[in-house]
1. Points 7 angstrom from Cα along the Cβ direction at B:Val61 and B:Ala46: gap in nanometres?
2. How big is the charge dipole of the protein assembly as shown about its Cα centre, in debye rounded to the nearest 20, if each Lys and Arg gets +1 on its Cβ and each Asp and Glu gets -1 on its Cβ?
3. 7 Å from Cα along Cα→Cβ at both A:Ala66 and A:Ala313: what's the point-to-point distance in nm?
4. Hey, what does the equivalent ellipsoid look like for chain A, semi-axes from the Cα gyration tensor as sqrt of 5 times each eigenvalue, largest first, whole Å?
5. Please work out how much length the chain gains when fully extended from A:Gln303 to A:Arg94, using 0.36 nm per residue of separation minus the C-alpha to C-alpha distance, in nm with one decimal.
6. Could you tell me the center-to-center distance, by alpha carbons, between segment A:1-52 and segment B:186-215 in angstrom?
7. So, R0 is 41 Å and r is the distance between the beta-carbons of A:Glu268 and B:Arg225; what FRET efficiency does that work out to, to 0.05?
8. Using the basic label-point model (7 angstrom from Cα toward the beta carbon), what is the A:Ser322 to A:Arg337 distance in nanometres?
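All of the numbers you see were taken from the coordinates with simple rules; none came from a lab. In this text the structure is predicted, and so the values were computed from the model without any measurement. As a convention, Cβ positions derive from the backbone with ideal geometry for all residues, glycine included, and neighbour counts pool all protein chains shown.
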Amino acid sequence: MTLAVTVTHRFGDFALDASFASPGGLTALFGASGAGKTSLLRIVAGLVRPASGRVEVDGTVLLDTARRLCLPAHRRGVGYVFQEPRLLPHLSVRHNLGYGRWFSRRGGDPGEFGRVVELLDIGRLLERRPAALSGGEAQRVAIGRALLARPRLLLMDEPLASIDEPRKAEIIPYIERLRDGSRVPIVYVSHALDEIVRLATTLVVLEHGRVAAAGDLATVLGRVDLPILARRADAGVVLDVEVAAHEPRWQLTVLRCQAGLLHVPAIEAAAGSRRRIWVRARDVSLALSAPADSSILNQLPAQVVRLAASDGASVDVQLDCSGATLLARVTRLSAERLALRPGLAVQALVKGIAFERAE
Amino acid sequence: MLDFSPDELTAVRLSLRVALVAVAASLPLAIATAWLLARRRFPGVALLEGLVHLPLTLPPVVTGYLLLRLFGHNGVVGAFLERHLGLVFAFRWTGAALAAAVMGFPLLVRAIRLAIEQVDRRLEEAAATLGAAPPLVFATVTLPLAASGIVSGAVLAFARSMGEFGATITFVSNIPGETQTLATAIYLFTQVPGGDAAALRLAGLSIALSVAALVLSEWLDRRGRRKVTGR
C-alpha cells in the first residue's frame with residue numbers, strides 16, 4: 001500500500017514539479033485552484049504524459065520516463081472519480097457499474113458487485129439511466145464503477161465539488177468506509193479543509209505546481225509556515241484521542257491524547273474507543289501561567305515552537321504540547337505583550353473542540 | 001399518373017440498389033475518415049479534408065471522367081480489379097454505385113464527423129481509466145453515442161445517391177436495366193418526344209423520396225442528441 005510520485009511537466013507557462021510518497025490510506029492533495037492538483041492526478045492516471053517522471057504503486061511501476069516506460073491509461077489499473085460523474089449516458093446504472101469489471105483482468109469475485117452496491121447504497125438505482133439520477137446518486141455510482149474495475153489505486157478529484165452540502169454529508173461516510181474497509185490507496189484532491197481533516201491520513205500541500213509540505217496529516221496541519229493553511233479562518237490541527245472516562249454528573253467526557261486530558265460535553269462513545277478531534281487555532285488562547293481563576297477547563301502546558309509571519313491583527317502560534325502539535329491564534333498585540341518567542345513555556349487554553357470522525 | 005411502366009420501375013429499383021450499395025460500402029471508410037478528422041491531429045489533415053470534400057466542388061462530369069480513367073477497362077485501378085477480383089465497374093450498375101458513393105462521401109463524412117465531435121471526450125477518458133483500450137472505447141462509447149448521427153448521415157447520403165446524375169452518366173452512361181437510374185431516366189425522358197408524363201411521374205417520386213429522407217434524417221438527429229444528453 002505504498003505510493004511514490006515524481007513528476008515534472010509544463011502546461012503552457014505553468015510548471016509542475018512535484019514529488020511525494022505516501023504509505024497508503026487516504027492521501028489528500030490540497031492547494032488553491034491552479035496549484036496543479038488535477039494535472040498531477042491526470043499524469044498518475046496516464047491521461048497526460050509528463051516531460052519526465054516516475055509513478056510507482058505498491059512496487060508496480062506505471063511510469064518511468066528514465067526507462068521510457070509509460071503504461072497507457074487503460075493498462076494502469078488506476079481508478080479515477082472525476083469532479084463530475086461522467087457516467088455513460090447510453091447505459092443503465094448496472095451496466096455502468098459493470099463497465100470496468102468487464103475489462104478487469106485481475107480475477108473476478110462474484111460477491112464484490114453486491115458488496116460495492118451495498119457499501120454505496122445504490123441497489124435501488126441499478127435499472128435507471130444516469131439522466132434519472134441526482135448529483136449525489138450519480139457520484140456514488142461513479143465511485144462504485146471505479147471500485148468495481150478493481151483498481152490498484154483510486155484517484156478522486158474533488159468528487160464532492162459539484163454536490164450541495166446535504167449531499168456531501170451523505171457521501172463522506174461512504175468515502176470513510178472506503179478508506180477504512182478496502183485496501184486500495186486513495187489520492188483525494190480537495191481545497192476544502194473540512195473534508196481533508198475528516199478523511200485524510202496523509203496530506204500533501206501543493207503550491208504553484210510544487211509540493212510545499214507532505215507528511216502525516218496532524219504534522220502538516222500544525223505547521224504555521226504554510227501560508228495556504230495558516231491564513232485560513234478554519235486553520236487548526238487534528239488530534240487522535242482516546243475516550244478516557246465519562247463524568248455523568250457534569251455531562252462531560254474526558255479524552256486522553258498525547259497533549260494531555262481534555263474535557264468535552266458528553267459524547268456517546270465507549271471508554272477506550274478512539275476518535276479524531278479537530279482543534280481550530282481560533283479556539284486556542286495562550287497564558288504565561290496556568291490561570292487558577294479561569295472558566296476554561298482545558299489547560300495544557302505547551303512550548304512555543306514558532307510564530308507565523310504576520311502583519312495583520314492576529315498571529316498563529318505553533319505549539320508543542322508534550323509532543324503533539326497545537327495551533328493558537330492570538331492578536332499580534334497579545335503576542336507582543338506576552339513576548340511570545342520560540343522556546344517559551346506557556347499554557348494553551350482550549351475553548352472548543354470539534355469531533356471529526358470515529359476511528 | 002402513378003402507373004409506372006416496367007422500364008420506369010426498373011430504373012427506380014436500380015436506383016434504390018445503387019444508393020443502398022453505395023452507402024453501405026462507403027460507410028466503414030466514412031466512419032474511419034470522420035474519426036480521423038474529428039479526433040486526431042496529424043500532418044496532412046488539411047490535405048485529407050480537401051480530398052474528402054473535392055467531389056462537392058468539382059464539376060460532377062470531371063469526377064465521372066476521372067472515375068472512367070481510373071476505373072474503366074483500361075484504367076489503372078479498373079484493369080487491376082478486373083484481372084484479380086473479377087470486379088468490373090465500367091458501364092455496370094456497380095460503376096453507378098461507385099460514382100454515387102464518391103459523390104455522397106463528403107456528405108456522409110461531414111455528418112458522422114459532427115456526430116463524433118458531439119460525443120463528450122471526457123466520457124472516452126473515463127472509459128480508458130476503467131480499462132478499455134482505444135478500439136474498445138470507440139466501439140462501446142464513441143460509436144453508440146454517435147450512432148444516430150451516423151444513421152442520419154447515411155440516410156442523407158442515400159438520398160443524395162438516389163439523385164446522382166453527372167458523374168454517373170459520364171462514368172457508366174445510361175443503359176436501361178444496367179446503369180439507368182432514376183435521375184438518368186428522367187433526363188432521357190425529357191430528351192424524347194412524349195416523355196413529359198413519365199419524366200413528371202419520376203420527378204414526383206424523386207421529390208417524395210428526398211423529403212422522406214430529410215425528415216427521417218432530422219428525426220434521427222434529434223433523437224441522437226437526446227440520447228447523448230440523456231434527456
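1. It is 3.2 nm.
2. With Lys and Arg at +1 and Asp and Glu at -1, about 660 debye.
3. So the two model labels end up 5.2 nm from each other.
4. The answer is 40, 26, 17 Å, longest axis first.
5. Extra length from A:Gln303 to A:Arg94 when fully extended: 69.6 nm.
6. The two parts, judged by their Cα centres, are 66 Å apart.
7. It comes out at approximately 0.15.
8. Result: 3.0 nm between the two label points.
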